[in-house]
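Everything below concerns the one structure shown next.
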Amino acid sequence: MQIEPEIAYRNVEPTPAVERQILWGLRGLERAYPRITGCRIMVEIPHPRHHRGNLYRVRIDVTVPGHEMVVSRDPPARRRKREEAATAVREAFAVMRQKLRELREREAGHPRVPEAPLRGRISTLNEAEGYGFIRLPEDGEIYFHRTGVPSDRFDELEVGAEVRFVEEEVDGTLRAVSVVPLRRQSGHPPSAGRLGDEGGARA
């Protein structure tokens with residue numbers, strides 16, 4: 001990157017996890033598009049809710065020759081039981097990284113190459129409402145809906161099950177699609193992460 005990135009926080013304490021995720025994100029942007037000339041990052045909590053948990057907004061402005069690109073990762077429409085600032089930062093950088101890759105491919109005249117599948121484990125599952133979250137190997141979680149589980153295999157998913165998926169941007173937020181269980185987990189009692197069962201927690 002040709003200049004030092006500008007990083008600002010509002011109502012957010014810059015923890016080591018957040019700073020580490022920003023550093024990784026910046027490296028990823030440089031790999032996606034080496035000719036970045038400027039980058040501004042804002043991590044904020046629009047409406048602090050200390051007694052209920054906070055939701056994060058991350059805005060990334062990137063300047064490249066002839067273009068200025070903006071990603072605004074707003075809080076999810078469905079409030080998560082718990083959201084980590086590092087997860088919000090990771091999602092915003094992933095969307096910007098994909099935009100820069102697409103720009104580079106357009107400039108080079110190359111077709112877009114699909115992302116390789118990722119892996120993770122189901123951390124939360126709401127069978128009644130048809131959604132859940134996947135815990136990522138490095139850090140954070142990603143949302144998925146039953147419509148992103150092909151071949152009506154949503155009922156095969158269980159908390160703790162390993163899955164393969166790809167990331168897709170929907171309304172400025174990353175979610176997991178093409179979610180496929182790698183092997184069925186059976187014989188385990190219901191986990192605390194399973195939602196929607198009688199007597200269990202609900203989102």
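The values are calculated or read from the model by the stated rules, or taken from the named source; none is laboratory data. Nothing here was measured: the structure is a model prediction, and the numbers come from that model. Cβ sites come from the backbone with ideal geometry, for glycine too, and all protein chains shown count toward neighbours.
Among the residues of the range 1-47, which ones are within 11 Å of residue 85 (Cα to Cα) and in a loop (DSSP other than H, G, I, E, B)?
Answer for the range 1-47, where residues must be within 11 Å of residue 85 (Cα to Cα) and in a loop (DSSP other than H, G, I, E, B): 12, 13, 14, 15, 45.
Consider the range 142-162. How many of its residues are in a strand (DSSP E or B) and without any contact (Cβ under 8 Å) to a residue 60 or more places away in the chain?
Residues meeting the conditions: 4.
Applying the selection to the range 103-136, what residues are at pLDDT below 85 and of a type in the set (Asp, Glu)?
The answer is 105, 115, 129.
Scan the range 139-189 for residues that are modelled with pLDDT under 85, among the polar types (S, T, N, Q) and surrounded by 14 or more Cβ atoms within 10 Å (Cβ to Cβ) and report the count.
2
What is the number of the single condition among (1) crowded, with 22+ Cβ neighbours inside 10 Å; (2) within 29 Å of residue 22 (Cα to Cα); (3) among the hydrophobic types (A, V, I, L, M, F, W, C) that residue 136 does not meet?
Every condition holds for residue 136 apart from (1).
Here is a yes/no grid of residues against (1) at pLDDT 90 or above; (2) aliphatic (A, V, I, L, M); (3) at negative phi:
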position: 50; (1), (2), (3): no, no, yes
position: 59; (1), (2), (3): yes, no, yes
position: 62; (1), (2), (3): yes, yes, yes
position: 91; (1), (2), (3): no, no, yes
